[in-house]
Structures are given as structure tokens and as C-alpha cells.
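Enquirer: I have a structure I would like to understand better, so I am pasting it below and will then ask my questions one at a time.
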Amino acid sequence: MVWVPGGNFLMGSDRHYPEEAPAHRVRVDGFWMDCHTVTNREFERFVVETGYVTLAERPADPAQYPGAKPELLAPSSAMFKKPTQPVDTRNPYNWWVYVQGANWRHPRGPASSIKKLKDHPVVHVAFQDAEAYAKWAGKELPTEAEWEFAARGGLDGAQFVWGDELTPGGKHFANTWQGEFPYENRNEDGYEGTAPVGSFPANGFGLYDMAGNVWQWTSDWYQEHSRIESPCCTVENPRGGERDASYDPRTPDIRIPRKVTKGGSYLCAPNYCQRYRPAARMSQPIDTSTGHLGFRCIIRNAKL
């Protein structure tokens with residue numbers, strides 16, 4: 001973990017997506033933060049010691065999803081499937097699919113494993129999974145403000161974690177998407193999917209991967225500053241749910257709370273989802289896990 005000194009900073013942005021506005025001054029106290037997102041190796045240790053079973057590994061409770069088809073209650077998680085040609089980017093289900101057997105142990109589908117991915121960020125973890133790990137580790141999940149302050153690394157108001165230019169000197173500072181999303185990825189940064197943690201330079205506080213690679217859970221409930229017009233990365237649970245509120249008018253009996261996620265992922269592209277910036281934010285249903293969403297932890301009011 002590294003020490004994040006705390007202080008005042010300009011949170012949000014008035015220059016990008018509407019849900020980031022208004023930019024406003026915020027103060028946070030100092031805290032310790034994991035220098036990288038929780039890895040498969042670290043999460044595996046937690047599971048071995050506790051016997052914990054993640055949400056994606058459990059069948060869903062039909063009482064929580066009235067009217068859901070039985071096959072949709074099977075253990076599953078959302079995975080990215082790259083189209084072979086241009087598609088309508090207004091419909092994220094042109095590249096998101098729910099896959100039975102996809103979970104943190106099998107991050108790229110039921111036939112995959114983490115054997116060669118021990119230092120990659122753990123994915124396919126729902127909010128309660130992240131909370132359970134944090135509690136076991138004697139830590140907590142950061143608030144949105146804590147996460148954003150840490151991501152900025154002392155560069156108050158900068159567009160990116162490392163400054164105001166996406167690729168200074170032609171160098172990539174995060175694992176993102178290069179090319180036309182979602183069907184063309186030129187892999188100029190060296191990675192098609194997740195990258196091992198710490199593959200790109202740390203920010204000013206010594207924190208790695210505060211942009212790209214995987215989205216990260218925070219502890220804050222999502223509240224709209226302004227409605228998300230282009231929810232590029234939010235994936236809905238097919239059993240029920242909604243896009244921008246806590247319920248879907250088509251299934252009013254199913255209310256699914258949402259938390260704020262930060263940081264963007266390897267699927268963020270300049271032509272579609274420029275959310276690899278510290279101000280960017282998305283809402284994510286707490287019952288839904290994906291192949292591009294992980295987390296990191298903090299410790300408050302303690303000395304290590």
C-alpha cells in the first residue's frame with residue numbers, strides 16, 4: 001500500500017460527459033491505498049482461507065428476480081465478445097454476452113483459468129465480493145472522492161492521471177483500446193485484454209492502473225449529477241434491472257441499487273468511451289459482475 005496524503009482538489013469535470021458535472025472542490029483526509037488492483041493471486045488466497053463463493057459462482061435466487069427465465073438464474077457473468085464488423089454502438093449487447101461458467105476462476109469463459117493470470121486483476125467480482133475481500137483483509141473500499149483524489153496523483157484538474165495529453169511522446173500510459181471500438185483493436189499498448197498489474201507507469205502517488213485495465217468499485221451509492229447519456233460500460237443483469245435508475249419500468253418489482261465505478265478499462269476507446277480519466281464515473285448494479293471490473297482497497301486512520 002502507499003500513503004495518499006489527502007487534501008483539497010477539483011472533483012469532476014465540466015468539459016466531458018454530463019454525469020461528471022459540475023466540477024466542485026472537495027477535501028479528503030489521508031489514507032493508505034493498495035498500489036494496484038487486487039490480483040487473482042491475492043483473491044485466490046482469500047478464497048482458499050475463507051471458502052468464499054462469489055456471486056457469479058452461485059445460482060441466482062428466483063425470489064429476487066420474479067419472472068426471470070430459469071436459464072437466466074444459472075451462475076454466470078458478463079463477458080466482452082468482439083464483433084467482426086461495425087455494429088450499432090448504441091446497443092452494448094452487440095458486444096456483451098452473459099456466459100454460464102464465467103467467473104473469477106474462469107475469467108475468459110468456462111474453459112479458461114487463472115493459471116497464467118495470477119498477476120492480472122481479479123474480475124467477475126460483484127460489489128459484495130469486493131466488500132467481503134476488503135473485510136477479510138482488514139481494509140475498506142474507497143469512496144468516489146477518495147478514489148478520484150488518489151487517481152489524480154497531485155495533478156489537480158488534469159485531464160488524465162498522467163497529465164493533459166493522452167499519449168505523450170507517442171507512449172501509452174494505460175491499458176485502453178486503440179482502434180475503432182468494438183470490432184478493431186490495434187493493441188498498440190501491447191494488450192488485448194487485461195494486463196498484469198503495474199504494467200504501466202505509476203501516478204504521482206505511486207499508484208498503478210488508476211486509468212484503464214479494469215473499472216474499480218467504490219463504496220458510494222450512485223447519484224446522478226446529470227443522467228448518463230452514453231452508458232458505455234454499464235452492463236445490465238439479464239434477470240432484471242435498469243440502465244440509469246434503480247429500477248426498470250418494464251420490471252418495476254425488481255429494484256437493483258448501484259454503486260459508482262471509476263477508472264475505465266481496457267475496453268475504453270477514444271471513438272466511443274473516453275472514461276479512462278479520473279473525473280469519469282459510471283453506475284454499476286451491485287448484483288452484476290463483468291470481465292472488465294475489479295477493485296482495490298484502502299485503510300483509513302492507521303499507520304502501516
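The values are calculated or read from the model by the stated rules, or taken from the named source; none is laboratory data. The model shown is predicted, which means the values in this text are computed figures rather than measured ones. All Cβ positions, even for glycine, are placed from backbone atoms using ideal geometry, and neighbour counts span all protein chains on display. Each accessible area value is taken on the protein alone, full model and side chains, heavy atoms only, with ligands, DNA and RNA left out. Shrake-Rupley method; radii C 1.70, N 1.55, O 1.52, S 1.80 Å.
Enquirer: How many of the residues making up region 1-49 are among the acidic types (Asp, Glu) and closer than 30 Å to Trp136 by Cβ? Before the answer, list the steps.
Expert: Looking only at region 1-49, we keep the residues that are among the acidic types (Asp, Glu), and these are 14, 19-20, 29, 34, 42, 44, 49.
From what's left, closer than 30 Å to Trp136 by Cβ: 29, 34, 42, 44, 49.
Total meeting the criteria: 5.
Enquirer: I would also like to ask the following. Return the residues of region 133-149 that are open to solvent by 60 Å² or more (accessible area, probe 1.4 Å) and in contact with a Cys (Cβ under 7 Å, 6 or more places away or on another chain); say none if nothing qualifies.
Expert: Step one: filter region 133-149 for residues open to solvent by 60 Å² or more (accessible area, probe 1.4 Å), giving 135-136, 140.
Residue satisfying the conditions is Glu140 alone.
Enquirer: Only one residue in Ala74, Ala60 is at pLDDT below 95, touching a strand residue (DSSP E or B) at 6+ places or on another chain (Cβ under 7 Å) and surrounded by fewer than 21 Cβ atoms within 10 Å (Cβ to Cβ). Which one? Walk me through it before giving the result.
Expert: Numbers: Ala60 fails: touching a strand residue (DSSP E or B) at 6+ places or on another chain (Cβ under 7 Å).
None of the others qualify; the one that does is Ala74.
Enquirer: Something else about it: I'd like the residue in region 150-166 that is open to solvent by 20 Å² or more (accessible area, probe 1.4 Å) and in contact (Cβ under 8 Å) with a residue 24 or more places away in the chain and, out of all such residues, is farthest from Tyr17 (Cα to Cα). Quick ask: steps written out before the conclusion?
Expert: Going through region 150-166, the residues open to solvent by 20 Å² or more (accessible area, probe 1.4 Å) turn out to be 154-157, 159, 162, 164-166.
Going one step further and asking which of them are in contact (Cβ under 8 Å) with a residue 24 or more places away in the chain, we end up with 154-157, 159, 162, 166.
Values: Gly154: 22, Leu155: 20, Asp156: 18, Gly157: 15, Gln159: 13, Trp162: 20, Leu166: 17 Å.
For region 150-166, the residue satisfying everything is Gly154.
Enquirer: Among the numbered criteria (1) on the phi > 0 side of the Ramachandran plot; (2) in a helix (DSSP H, G or I); (3) in contact (Cβ under 8 Å) with a residue 40 or more places away in the chain, which one does Glu146 miss?
Expert: The single condition Glu146 does not satisfy is (1).
Enquirer: Next question, about the same structure. Taking region 114-131, which residues are under 17 Å from the mean Cα position of the chain (by Cα) and over 15 Å from Ser199 (Cβ atoms)?
Expert: Hits for region 114-131 are Val122, Val123, His124, Val125, Ala126, Phe127, Gln128, Asp129, Ala130, Glu131.
Enquirer: I'd like the full set of residues that are open to solvent by 80 Å² or more (accessible area, probe 1.4 Å) and closer than 22 Å to Ala60 by Cβ, limited to region 85-107.
Expert: Of all residues in region 85-107, those open to solvent by 80 Å² or more (accessible area, probe 1.4 Å) come to 85-86, 90, 93, 100, 105.
Passing the criteria: Tyr93, Gln100, Arg105.
Enquirer: Sticking with this structure for a sec: Take the residues in region 192-208 that are open to solvent by 60 Å² or more (accessible area, probe 1.4 Å) and in contact with a Gly (Cβ under 9 Å, 6 or more places away or on another chain); name whichever of them is farthest from Phe149 (Cα to Cα).
Expert: Once the filter is applied, the top-ranked residue is Tyr208.
Enquirer: Could you check region 7-119 for strands (runs of 3 or more DSSP E) lying wholly inside it with 1 or more residues that are over 22 Å from Trp215 (Cβ atoms)?
Expert: On the way: elements: 7-11, 24-28, 31-33, 76-80, 96-100.
So the answer is 7-11, 24-28, 96-100.
Enquirer: Let me spell it out: the conditions are (1) without any contact (Cβ under 8 Å) to a residue 12 or more places away in the chain; (2) in contact with a strand residue (DSSP E or B) (Cβ under 7 Å, 6 or more places away or on another chain), and Asp88 meets all of them except one. Which number is the exception?
Expert: (2)
Enquirer: If we only count strands (runs of 3 or more DSSP E) wholly inside region 197-273, which ones have 1 or more residues that are in contact with a His (Cβ under 9 Å, 6 or more places away or on another chain) and at pLDDT 85 or above? First the steps, then the outcome.
Expert: Numbers: elements: 215-221, 251-255, 258-262.
Strands (runs of 3 or more DSSP E) meeting the threshold: 215-221.
Enquirer: Without any contact (Cβ under 8 Å) to a residue 12 or more places away in the chain and surrounded by fewer than 16 Cβ atoms within 10 Å (Cβ to Cβ): does that describe Gly30?
Expert: Values: without any contact (Cβ under 8 Å) to a residue 12 or more places away in the chain: no; surrounded by fewer than 16 Cβ atoms within 10 Å (Cβ to Cβ): yes.
It is false that Gly30 is without any contact (Cβ under 8 Å) to a residue 12 or more places away in the chain and surrounded by fewer than 16 Cβ atoms within 10 Å (Cβ to Cβ).
Enquirer: While we're looking at this one, here's another question. Pull up region 274-304, narrow it to residues that are β-branched (Val, Ile, Thr) and surrounded by 23 or more Cβ atoms within 10 Å (Cβ to Cβ), then point me to the one that is modelled with the lowest pLDDT. Explain how you work it out, then say what you get.
Expert: Keep residues of region 274-304 that are β-branched (Val, Ile, Thr), which gives 286, 288, 290, 298-299.
Now restrict to residues that are surrounded by 23 or more Cβ atoms within 10 Å (Cβ to Cβ): 288, 290.
Working: Thr288: 94, Thr290: 97.
So the residue we want is Thr288.
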